[in-house]
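Here's the structure, in structure tokens; my notes come after.
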Amino acid sequence: MSRVRVFVVDDSALMRKMIPQILNADPGIEVVGTAMDGIFALKKIAELKPDVITLDLDMPRMDGIETLRHIVGDFGIPTIMVSSLTRKDADLTFRALSAGAFDFVAKPRDAISVHINEIGEELVAKVRAAAGSGASRERVSRFRPPAAPLLKKTAEALPRTRAEKILAIGISTGGPNALSYLLPQFPKDFQAAILIVQHMPAGFTQMFAERLHAISQIEVKEARDGDLVLPGRALIAPGNRHLRIKRLPLGTIAVLSDSPIVNGHRPSADVLFHSVAMEYGAAVVGLIMTGMGTDGAQGIGEISAVGGLTLAQDEASCAVFGMPKAAIEMNMIKRVLALEEIGPFLCEHYGAKEVPRVDG
């Protein structure tokens, strides 16, 4: 079996040394070249013919976003962004994902030290997944998130009642674009509370929630300890915190914790699914979407066992079919839907007054 050919593009000499060391340590990966900026990189792609590219965001002459547009448009090569843990780079990262990047990894804050090796396992896994994902231009053209809400948000607050139904979502690689496509389809009178575990580092989930809120009719926010779980509100688990819920006499609240990592993740979809199954039983819809690994497969089975509805995104519309595939193969899923089918199905299931459409 041939090795995955990787091209590393980064203006940092240290990163051009460390990333190849990390990747070449895996017997299934070969770094075929490096470049210090986007202009130089674009000249070498045709010669090197890489399967995957890792791309820095902040570079001289041509930045990562512009370089990515050329990579996607001219070559269709899956690209993993390498991002710093800053608000500016978080914003650029989400722009890159919308422009067709396969995924991203976040540099440690002290990337000049040996801590750069902390991203090694994640980077190798994402390179392998990217190599099997197909051309990035196809992902961009098929599910394009809206630039603005389908209907203008009203200024007045919507009446709030306690949540009687829960939609719990577990999602990972490919999730930012999939959620940006899905959540704007929910009308403001959506009858369920939405709880989301998106595998993402601390420092990125707040901006991600803000971006989703800006294009959605429902409220979307990063969960805080004690937040009310309400119909028409989506709470996203913060990076590096597990999300559970607790039913109290006056309503249901979000409970965050630093308890141990589960399935290699914190937050973990299994933790969320177990919690909603315990608290809401048959009133839960569990949805497992695009992502690497098996997180969520066991937990969504608990939702099924207590009478809840369990859904999975289909292979054709996933960036990576790992998480849904694991749940399906364990017979935990009652219905498999394409991404474009999920929004209308859920709106009908929860009795929203209007089932909106998003044109891809």
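Structure values in brief
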item	result
Separation in nanometres of the label points that stand 7 Å from Cα toward Cβ, at ALA283 and ARG224	2.5
P(r) of segment 253-360 over all Cα-Cα pairs, binned every 5 Å from zero, in whole percent	2, 13, 21, 21, 21, 13, 7, 2, 0
Dipole of the chain [Lys/Arg +1, Asp/Glu -1 at C-beta], most positive-end residue of ALA209, VAL82, MET323	ALA209
Amide proton proximity set for ILE29, modelled H, under 5 Å, gap of 5+	VAL4
Given charges at beta-carbon only (K, R positive; D, E negative), |dipole| of segment 1-131 in Debye	180
Extension gain (nm, one decimal) between SER257 and ASN240, 0.36 nm per residue minus Cα-Cα	5.2 nm
Spacing of the two label points (7 Å from each Cα toward its C-beta) at LEU250 and LYS49, in nm	6.7
The chain, accessible area per residue, ligands and nucleic acids excluded (1.4 Å, Å²)	42
Per-residue ³J(HN,Hα) for segment 206-216, Karplus 6.51 cos²θ - 1.76 cosθ + 1.60, θ = phi - 60°, Hz, x for Gly and Pro	5, 5, 4, 4, 4, 5, 5, 4, 5, 10, 10
Overall form of segment 1-58 per C-alpha gyration tensor (a/c, 1.5; a/b vs b/c)	oblate
Residue-level accessible surface for ILE253, protein heavy atoms, 1.4 Å, Å²	40
Largest-first principal axis extents of the Cα set of segment 192-297 (Å)	34, 32, 24
Fraction of accessible area attributable to carbon and sulfur, segment 204-326 (%, probe 1.4 Å)	54
MRE, 222 nm, helices only [DSSP H, n ≥ 4, -39500 (n - 2.57), over the chain, to nearest 500]	-10000 deg cm²/dmol
Accessible-area composition of segment 1-73, carbon plus sulfur, in percent [1.4 Å probe]	53
Candidates HIS265, HIS349, HIS274, ranked by Gaussian network fluctuation over the chain, Cα under 10 Å, top entry	HIS349
Vicinal HN-Hα couplings computed from phi for segment 167-177 (Karplus, 6.51 cos²θ - 1.76 cosθ + 1.60; Hz; Gly/Pro x)	10, 10, 10, x, 7, 9, 4, x, x, x, 6
In order through segment 252-263: 3J(HN,Hα) via Karplus (6.51 cos²θ - 1.76 cosθ + 1.60), integer Hz, x for Gly, Pro	9, 10, 7, 10, 9, 8, 9, 4, x, 4, 10, 6
Residues with amide H under 5 Å from that of SER133, placed H, sequence gap 5 or more	none
Among LEU183, LEU250, ALA35 - extreme Cα towards positive end, dipole of the chain, charges at beta-carbon	LEU250
Coordinate range along principal axes, alpha carbons of segment 37-106, Å, largest first	35, 23, 17
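The values are calculated or read from the model by the stated rules, or taken from the named source; none is laboratory data. Every value quoted in this text rests on a predicted model; they were computed, and no experiment measured them. When we count neighbours, we look across all protein chains shown, and the Cβ atoms used for this are built from the backbone with ideal geometry, even at glycine. The area values use the complete protein model at the heavy-atom level, side chains included, leaving out ligands, DNA and RNA. Shrake-Rupley method; radii C 1.70, N 1.55, O 1.52, S 1.80 Å.
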